[in-house]
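*Asks:* My questions all concern the structure below.
The values are calculated or read from the model by the stated rules, or taken from the named source; none is laboratory data. Every value quoted in this text rests on a predicted model; they were computed, and no experiment measured them. As a convention, Cβ positions derive from the backbone with ideal geometry for all residues, glycine included, and neighbour counts pool all protein chains shown. Keep in mind that these areas ignore ligands, DNA and RNA; they rest on the heavy atoms of the full protein, side chains included. Shrake-Rupley method; radii C 1.70, N 1.55, O 1.52, S 1.80 Å.
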Amino acid sequence: LFLFFQCDNAKGLKAFYDAIKYGPNHLMVFGGVCATVTSIIAESLKGWNLVQLSFAATTPELADKKKYPYFFRTVPSDNAVNPAILKLLKYYQWKRVGTLTQDVQRFSEVRNDLTGVLYGEDIEISDTESFSNDPCTSVKKLKGNDVRIILGQFDEEMAVKVFCCAYDEEMYGSKYQWIIPGWYENLWWESWINSSQCLSKNLLAAMEGYIGVDFEPLSSKMIKTISGRTPQQYEKEYNAKRGDGQSSKFHGYAYDGIWVIAKTLQRAMKYLNATNKHQKIEDFNYTNHKLGKIFLDAMNETNFFGVTGQVVFRNGERMGTIKFTQFQERKEVKVGEYNAVADTLEIINNSIRFQGLEPPKDKTIIQEELRKISLPLYSILSALTILGMIMASAFLFFNIKNRNQKLIKMSSPYMNNLIILGGMLSYASIFLFGLDGSFVSEKTFETLCTVRTWILTVGYTTAFGAMFAKTWRVHAIFKNVKMKKKIIKDQKLLVIVGGMLLIDLCILICWQVVDPLRRTVEKYNMEVCPQAQAI
C-alpha cells in the first residue's frame, strides 16, 4: 500500500514515481490531501492500473469519473453540501434565493453545482453575485434585488468582510437568513476582525443566526461500527492516543479508509479464490489489468457502517452525512443533519432559533389590499342619515297636514315640500356613496356610481332650486319700488325649479352617453404591514 500525504507538487510527484519505479508493487494508493498534487496523480492512475483512496481531498474537480476513473474518497466532496442545502430550502419552503461567491475556483465550482441541483426544483436563484476582495457592492445588489435567503461561498477572511457589509446594509436579523460553509475554525472571526473596519459587536450582531453546512466528522449514532466500536468509543480512544497533538477533522475518514481498503482486498481475494485458484493478489503488477479491474469493482461494492456513518460509494463519491450548525450567542450549535444515503433531513427539536417569531420569508410579500370605507364610520354616518331622513319626513308630514294654515300657506308649502324631498334624496345618496368594492361586485359598482351621482345631483338641484325660487320671489317683490301689488304664484316658481332640473338632466344624459362612469383601480404607495414589523 502506497501512503501519500505530500502537498508539494514536485516532491509529491517524485515520491510517487520513485515508488512506482524502485519500490515493490503497490496494490493501492492511500492518501491525497492537497487538490493540485492529488488531481495530477489521480489522472495518471489508469495508466498504472492503481486504485486511489483519499480521506481528505474534497475538491469537486475529482468527481469527474471520465478524468479520474480510479479515484475514490471516503470524505464527501465540497459539492456534497448542495443536496443538503436543497433539502433545507424545501423544509422551510424557501423558493427564492441568491448566491454570493468569492472568486476562487473551489467556491465557484460549488456554486455552479448548486445551480444544477436547484434547477427544476421550483427554487429560483434570483441573483448571482461574486466578488474578489470587496463584497460590499455585491451585498448591496442582493439587497436591491430583495434577496432574503443568501447562499454564501467564501473563506473566513472574506466572511468577516461580508458580515460587516451586511451590518452596514441592515441585511441581518429576522428578515434575512445566511447559509455559509461550516468548516471554519472555532472562533474564526477573531483572527480577521482586526483586518476589517467593523466593530466586534456589530460583526457578531450580523453573524447571529447564520447556518453553516459541512460534512459530519464523526457519526452521532451510538451503534457499533465495522470495527466493533461505536463512534463515541473510537473518538475517546483517538483522543487518548493523540494526547496533546493537534486534531484533524479528517481522522475518522482516514480510519474508515483503512477499513475500506481492507474490505476491498478481502473481497478481491474471495473473488480470486472462487474463480481462479492459481492467481493471488500478490501477483498484481502495474500491467495486470484484470486484477486492477477486480480491485476497482471490489471498491465500488463497499457498504458498511463506519465511525463517519454509512460508507457507500456512488461513482467513486462518498455518500456521507452533512451537518447543519447555527451561530447562536457566539458559538456554533448543531441544529440538524442530512443523510445522503437515505436522502433525509433531520432538524433537532427546538435547536434552530430564528431572529423573528418564524423563519424569514424568501422575499417581500406584496399583498394587495382593497382600501375600503371603515365599517364603524359608515355605520355611524348611516345612523345619522336615518335620523336626518326621519326628521325630514316629520317636517314633510307637518307641512302637508298644516298646508292650509295662514303662516304655512304664506311660506309656499309646495316649495317647502320640494326642499324637503331634495334633502331626503341627498340623504339617500350617503348610503350609496358608502357602498364600495367590499360590499358590491365590480359590475354593480359601476351602476352604483351612476345612480348615486344622479340622485345627489337631482336632490341638490331640487332643494337648492326651490330655495332659490323662493328667494327670487322675495327679491322680485321688494324690488318693486312703486309698491304696486305684484303676485308671483307657486306655479311660476315650479317652472324655475323644473328648468334647473331640465338643465341637470341634459348634462347627466350627455355625460352618460359620451363618457359614462367606469370603475378604475388606483394603486397607492406600498406600506409596511404592522404584523410584518412585529415579526
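*Asks:* Pairs please, first residue from segment 371-385 and at positive phi, second anywhere and of a type in the set (A, V, I, L, M) and outside any loop (DSSP other than H, G, I, E, B), Cβ atoms under 6 Å, 6+ apart in sequence or on different chains.
*Replies:* Pairs that qualify, where the first residue is at positive phi and the partner is of a type in the set (A, V, I, L, M) and outside any loop (DSSP other than H, G, I, E, B): there are none.
*Asks:* Of the residues that sit in segment 508-528 and are of a type in the set (A, V, I, L, M) and touching a residue at least 40 places away in the same chain (Cβ under 8 Å), which one is most open to solvent (accessible area, probe 1.4 Å)?
*Replies:* Restricting to residues being of a type in the set (A, V, I, L, M) and touching a residue at least 40 places away in the same chain (Cβ under 8 Å), the top hit is 526.
*Asks:* Considering only residues that are part of a helix (DSSP H, G or I) and open to solvent by less than 90 Å² (accessible area, probe 1.4 Å), look in segment 472-490 and name the one that is modelled with the lowest pLDDT.
*Replies:* Only one residue fits best here, namely 477.
*Asks:* Follow-up question, since we're still on this one. Can you tell me how many residues within segment 255-297 are within 26 Å of residue 75 (Cα to Cα), of a type in the set (Phe, Trp, Tyr) and open to solvent by less than 40 Å² (accessible area, probe 1.4 Å)?
*Replies:* The total comes to 1.
*Asks:* Oh, and also: If you check residue 352 against the conditions, is it open to solvent by 100 Å² or more (accessible area, probe 1.4 Å) and within 30 Å of residue 96 (Cβ to Cβ)? Let's see the steps before the verdict.
*Replies:* Values: open to solvent by 100 Å² or more (accessible area, probe 1.4 Å): no; within 30 Å of residue 96 (Cβ to Cβ): yes.
The answer is no for residue 352.
*Asks:* Let me ask another. The conditions are (1) farther than 25 Å from residue 415 by Cα; (2) modelled with pLDDT under 80, and residue 510 fails exactly one of them. Which is it?
*Replies:* It is condition (2) that residue 510 fails.
*Asks:* Can I ask one more? Which one of the conditions (1) surrounded by 15 or more Cβ atoms within 10 Å (Cβ to Cβ); (2) more than 30 Å from residue 316 (Cβ to Cβ) does residue 443 fail to meet, given that it meets all the rest?
*Replies:* Of (1) surrounded by 15 or more Cβ atoms within 10 Å (Cβ to Cβ); (2) more than 30 Å from residue 316 (Cβ to Cβ), only one is false for residue 443: (1).
*Asks:* Looking at segment 492-507, which of its residues are among the aliphatic types (A, V, I, L, M) and surrounded by 14 or more Cβ atoms within 10 Å (Cβ to Cβ)? Write out each step before concluding.
*Replies:* Pass one, segment 492-507, residues among the aliphatic types (A, V, I, L, M): 493-497, 500-503, 505, 507.
Within segment 492-507, 493, 494, 496, 497, 500, 501, 505 meet the criteria.
*Asks:* Only one of 425, 456, 448 is within 25 Å of residue 506 (Cα to Cα) and either outside any helix (DSSP H, G or I) or more than 53 Å from the chain's Cα centre (by Cα) (or both). Can you tell me which?
*Replies:* 425
*Asks:* Is it true that residue 227 is on the phi < 0 side of the Ramachandran plot and either assigned by the TED database to the domain that holds residue 302 or aliphatic (A, V, I, L, M) (or both)?
*Replies:* Yes.
*Asks:* Filter segment 173-218 for residues that are over 18 Å from the mean Cα position of the chain (by Cα) and either part of a strand (DSSP E or B) or among the polar types (S, T, N, Q) (or both) and give the result.
*Replies:* Listed by number, the residues that qualify are 181, 186, 191, 194, 195, 196, 197, 200, 202, 214, 215.
*Asks:* Another question, if that's okay. Please work out if residue 176 is outside the structural domain of residue 108 (by the TED database) and crowded, with 16+ Cβ neighbours inside 10 Å.
*Replies:* no
*Asks:* Something else: If a residue counts only when it is more than 30 Å from residue 26 (Cα to Cα) and not charged (D, E, K, R), which strands (runs of 3 or more DSSP E) contained entirely in segment 49-135 have at least 1 such residues?
*Replies:* Per the criteria, 96-102, 124-131.
*Asks:* For the structure I just gave you, tell me whether residue 227 is surrounded by 12 or more Cβ atoms within 10 Å (Cβ to Cβ), at pLDDT below 95 and closer than 28 Å to residue 333 by Cα.
*Replies:* The answer is no for residue 227.
*Asks:* Here's another thing I want to ask about it. What about residue 260, is it farther than 27 Å from residue 327 by Cβ and in contact with a strand residue (DSSP E or B) (Cβ under 7 Å, 6 or more places away or on another chain)? If you could, list the steps in order and put the result at the bottom.
*Replies:* Details: farther than 27 Å from residue 327 by Cβ: yes; in contact with a strand residue (DSSP E or B) (Cβ under 7 Å, 6 or more places away or on another chain): yes.
Against the criterion (farther than 27 Å from residue 327 by Cβ and in contact with a strand residue (DSSP E or B) (Cβ under 7 Å, 6 or more places away or on another chain)), residue 260 qualifies.
Residues are listed down the side, and each one gets a yes or a no for (1) at pLDDT 90 or above; (2) surrounded by fewer than 16 Cβ atoms within 10 Å (Cβ to Cβ); (3) more than 26 Å from residue 371 (Cα to Cα):
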| residue | (1), (2), (3) |
| --- | --- |
| 391 | yes, yes, yes |
| 402 | no, yes, yes |
| 409 | no, yes, yes |
| 412 | no, no, yes |
| 415 | no, no, yes |
| 422 | yes, no, yes |
| 437 | no, yes, no |
| 458 | yes, no, yes |
| 461 | yes, no, yes |
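*Asks:* Does residue 242 fit the bill of being among the basic types (Lys, Arg) and in contact (Cβ under 8 Å) with a residue 60 or more places away in the chain?
*Replies:* Considered against the rule, which asks whether it is among the basic types (Lys, Arg) and in contact (Cβ under 8 Å) with a residue 60 or more places away in the chain, residue 242 comes out as no.
*Asks:* Cβ-Cβ below 8 Å, separation at least six or inter-chain, first residue in segment 86-104 and more than 13 Å from residue 124 (Cβ to Cβ), second among the basic types (Lys, Arg): which pairs?
*Replies:* Going by the 8 Å Cβ cut-off, the qualifying pairs are 101/111.
For (1) closer than 30 Å to residue 288 by Cα; (2) open to solvent by 20 Å² or more (accessible area, probe 1.4 Å), each residue gets a yes or a no:
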site	(1), (2)
43	yes, yes
52	yes, no
61	yes, yes
70	yes, yes
80	no, yes
94	no, no
100	no, no
111	no, yes
121	no, yes
